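Contents: one structure, followed by commentary.
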Amino acid sequence: MAGNEPNATRSVVSHAIRSRSARIPRLLIAALLLAGTTLAHANELVVTHTALLAVLKDQAFRTGRLDLVPPTPCAFAYLESPLIVIAKGRVALAARLTGRAGVPAGNQCVGGLGDSIDIVASGRAFYRDGRIGLDDLRIDQLSNEFYRALLTPMLQVAVGRVVDIDLRKAVRDMLVAGKVPLTVDVEELDVSHLVAEDNRIEATFRFRAIAR
């Protein structure tokens, strides 16, 4: 979910922002922005685990699975049947991993018998430089510990994709939504509270925006 956010992510994040400014008529918001007014009251972003899972399935699991390596007929590793749990400051991804590490020999594959295991990997929610994401990535559970060293780098990348929210862009999109022709810059953005608990991520923030 890195880079420019696809439509599914923008929709989830924009609708998740709750603010008193949402009840101010858009023409008045436009006038305030053009005057350089700060919309400095507290705003709240709430994203649930079901919303994150919907975005993850729409993007990473679009074909029903997430390939961890480029697949070949003899070598592959992919995740399927994902679930997301948010608790104790962490966002966890549970899934079924299926893989094989064989080599082609003529029309056959040699070695690398296939295997399937259950995994749980997680990351700690953080805010930095206008983005909400995950760090301290780790594997919490493996149904077969033999694969831990091999899978750790791949699973860290996979779980890091679960949360990547450009909050500055989400605020800007919220302010310019509708028919008012504005170009808005969010010059200041301060997150005072971020919690990941009870299957939801909640962020409290203030911002200063201006139209140029």
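The values are calculated or read from the model by the stated rules, or taken from the named source; none is laboratory data. As the structure is a prediction and not an experimental result, all values here were calculated from the model. Every residue, glycine among them, receives a Cβ derived from its backbone with ideal geometry; neighbour counts consider all protein chains shown. Just so you know, the surface numbers come from the protein's heavy atoms only, side chains and all, with ligands and any DNA or RNA stripped out. Shrake-Rupley method; radii C 1.70, N 1.55, O 1.52, S 1.80 Å.
Some points to look at:
- Among residues of the range 167-187 that are basic (K, R), those with a beta-carbon under 7 Å from a residue that is surrounded by 13 or more Cβ atoms within 10 Å (Cβ to Cβ) and at pLDDT below 80 at least six positions away or on a different chain give the pairs K169/E5; R172/V184.
- When restricted to residues that are open to solvent by 30 Å² or more (accessible area, probe 1.4 Å), touching a Lys or Arg at 6+ places or on another chain (Cβ under 9 Å), outside any helix (DSSP H, G or I) and polar (S, T, N, Q), the range 116-153 contains 1.
- The condition of being out of contact with any Ser or Thr (no Cβ under 7 Å at 6 or more places or on another chain), open to solvent by less than 50 Å² (accessible area, probe 1.4 Å), outside any strand (DSSP E or B) and not polar (S, T, N, Q) holds for only one of L113, L189, L175, that being L175.
So that you can scan it fast, the table gives a plain yes or no per residue for (1) within 17 Å of K88 (Cβ to Cβ); (2) modelled with pLDDT of 90 or more:
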position: S122; (1), (2): yes, yes
position: Q141; (1), (2): yes, yes
position: R148; (1), (2): no, yes
position: M154; (1), (2): no, yes
position: M174; (1), (2): no, no
position: E187; (1), (2): no, no
position: A196; (1), (2): yes, yes
position: N199; (1), (2): yes, yes
position: F205; (1), (2): no, no
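- Members of the range 192-202 found to be in contact with an Asp or Glu (Cβ under 7 Å, 6 or more places away or on another chain) and open to solvent by less than 10 Å² (accessible area, probe 1.4 Å), listed by number: none
- Helices (runs of 4 or more DSSP H) contained entirely in the range 1-93, each with at least 2 residues that are open to solvent by 50 Å² or more (accessible area, probe 1.4 Å) and modelled with pLDDT of 90 or more: 49-59
- For the range 158-172, the criterion of being surrounded by fewer than 18 Cβ atoms within 10 Å (Cβ to Cβ) and out of contact with any helix residue (DSSP H, G or I) (no Cβ under 9 Å at 6 or more places or on another chain) is satisfied by no residue at all.
- Filter result (under 14 Å from A77 (Cβ atoms) and either loosely packed, with under 12 Cβ neighbours inside 10 Å or among the small types (G, A, S) (or both)) within the range 97-110: G99, A101, G102
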